[in-house]
Every structure is written in C-alpha cells, then in structure tokens.
Amino acid sequence: MSTLYLVPTPIGNLKDMTFRAVEILNEVDLILAEDTRTSGKLLKHFEITTQMQSYHMHNEHKVLNRIVDRLKCGESIAMISDAGTPAISDPGFLLTRACIKEGISIECLPGATAFVPALVNSGLPNDKFVFEGFLPVKKGRQTRLTFLAEETRTIIFYESPHKLLKTLTHFTEYFGEDRQISVSRELTKLYEETIRGSISEVLTHFENKAPKGEFVLIVAGK
C-alpha cells in the first residue's frame, strides 16, 4: 500500500540515525529531501541508493500535486529534512495535509528533534511548554514578543548565529533581564554547549564569545 513516511534524520551525530529509518529509506520508491546535497552525504554514509528529489519551501507548492499523484498510483515516498524531524520548522505540513485529504497512509517515525534534548537539559519546567520555532524577522516580531511576555509555560525558540544577539537583546526588553534562559548550540556535535542563567548573563556571554552553530533557546515562563 502506498505510504508517505516522515523520517527524522540526525541533527549532528550520524549515530543517532535509527535502524528503522535506514530500512525505510532503502525500501521506498522515492526520497524527498530538503537539500539533496546535504542529504546525499547522509544517504552515501548509510549506503542508501534510493532515488532522491528536491522538496523544500521554495518548490513545495509547485511539486505537491505531482507527489500526491505518485502516492495515489501506489508508490511509497519518504520525506527527510536537512536535520531533525520533517515539518518541525521545516517543510512537511503541506504534503501531510494533502495526503490526509486524499486518504493516503502516513507514518511518522520517532527520532531526532533539536528542541527535545535542549528542553530536557535546560533545568526549566518541561511538564508544560510552548514551541515557537523561529520568531518573525521583522513584521509581527514585536507583537509576538509582547504576547509571549505573559506566557506562563516554558517557551522554546530556534535561532541562527547571526541573529542570536539581537534576539537575546529583545528578550531582555520584553521578558526582563532576570528571566531564566538556557541556550544550547551544536546539539549532538563535537562542540555541543549549553549556557544557562539570566537572559542578561547569557547575552553577556555571547557578546564576549561570537555565536557559532545553530541555537535552541529555552526561556522560563512568566
């Protein structure tokens, strides 16, 4: 039976790839990859030779119907992103929704997602939390931060290195300098690091040490 498989890939350490993920990627008719160059290295490492096609935020509307048609014709397709679980701040939602509408089987494998280890090792409450992903760059940013300033649950953000200082500065303005935060970078990689403390303390740390890598920010609720 045709199935869309959503397959998590390692966020850094290739040893975090699951046996089942390798098995599925070997068995399907096609792999949809966010960046075929990045995913090509992963597939080569695990000796996976399945055909691969580019599927990312800039072309997903254009190729969506063709992919659904292939699934309706009986093919099985796997979707992977550059790192982590598809559709978590990555492409995947539109295709999943389209498959549900067409009655096509969907399976999402458990696996790597950056925010889970960052949340668990933050030392902040994790029984209730809200995932925000990337903040709006310009339009809507202030509105969102104003709204989140009253959030009582732990808040999770993703951020890139060149925007980290700007975001931490905004956090001091909207959440207060003393609000607790945990910032993890390069999770599962050689230079993995987590910095914890007040927002002002963590901001000072990264003002003195240039931010490098991808970041997950865990902010205490109000």
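The values are calculated or read from the model by the stated rules, or taken from the named source; none is laboratory data. For clarity, every value in this text was computed on a predicted model and none was experimentally measured. Cβ sites come from the backbone with ideal geometry, for glycine too, and all protein chains shown count toward neighbours.
Scan the range 74-99 for residues that are under 11 Å from the mean Cα position of the chain (by Cα) and charged (D, E, K, R) and report the count.
Result for the range 74-99: 2.
So for the range 22-30 (the condition being within 20 Å of Ala114 (Cβ to Cβ) and touching a strand residue (DSSP E or B) at 6+ places or on another chain (Cβ under 8 Å)), does at least one residue qualify?
Among the residues of the range 22-30, not one is within 20 Å of Ala114 (Cβ to Cβ) and touching a strand residue (DSSP E or B) at 6+ places or on another chain (Cβ under 8 Å), which makes the answer no.
Determine if the range 133-151 includes at least one residue that is at pLDDT 95 or above, among the hydroxyl-bearing types (Ser, Thr, Tyr), over 16 Å from Ile199 (Cα atoms) and in a loop (DSSP other than H, G, I, E, B).
No, the range 133-151 contains no residue that is at pLDDT 95 or above, among the hydroxyl-bearing types (Ser, Thr, Tyr), over 16 Å from Ile199 (Cα atoms) and in a loop (DSSP other than H, G, I, E, B).
Listed here are the residues, each with its yes/no results for (1) surrounded by fewer than 19 Cβ atoms within 10 Å (Cβ to Cβ); (2) of a type in the set (Asp, Glu).
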| position | (1), (2) |
| --- | --- |
| Pro117 | yes, no |
| Pro125 | yes, no |
| Glu150 | yes, yes |
| Ile156 | no, no |
| His170 | yes, no |
| Asp178 | yes, yes |
| Ser182 | no, no |
| Lys212 | yes, no |
| Phe215 | no, no |
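Need at least 1 residues that are at pLDDT below 95 and outside the structural domain of Lys189 (by TED's automatic domain parsing) per element, so show me which helices (runs of 4 or more DSSP H) inside the range 1-77 make the cut, counting only ones lying wholly within it.
It comes to 36-45, 60-72.
Conditions first: (1) surrounded by 12 or more Cβ atoms within 10 Å (Cβ to Cβ); (2) closer than 13 Å to Ile218 by Cα; (3) under 17 Å from the mean Cα position of the chain (by Cα). Leu135 passes all but one, so which condition is the exception?
(2)
Return yes when Ser81 is farther than 27 Å from Leu187 by Cα, touching a residue at least 24 places away in the same chain (Cβ under 8 Å) and surrounded by 15 or more Cβ atoms within 10 Å (Cβ to Cβ) and no when it is not.
no
Does Glu214 fit the bill of being at pLDDT 95 or above and acidic (Asp, Glu)?
When the stated conditions are applied, Glu214 does not pass them.
For the range 93-108, give me each residue that is buried (at least 16 other Cβ atoms within 10 Å of the Cβ) and either part of a helix (DSSP H, G or I) or in contact with a Phe, Trp or Tyr (Cβ under 9 Å, 6 or more places away or on another chain) (or both).
The answer is Leu95, Thr96, Ala98, Cys99, Cys108.
When Ile67 is evaluated against the numbered criteria (1) surrounded by 15 or more Cβ atoms within 10 Å (Cβ to Cβ); (2) out of contact with any Pro (no Cβ under 7 Å at 6 or more places or on another chain); (3) touching a residue at least 60 places away in the same chain (Cβ under 8 Å), which criterion, by number, is the only one it fails?
Among (1) surrounded by 15 or more Cβ atoms within 10 Å (Cβ to Cβ); (2) out of contact with any Pro (no Cβ under 7 Å at 6 or more places or on another chain); (3) touching a residue at least 60 places away in the same chain (Cβ under 8 Å), Ile67 violates only (3).
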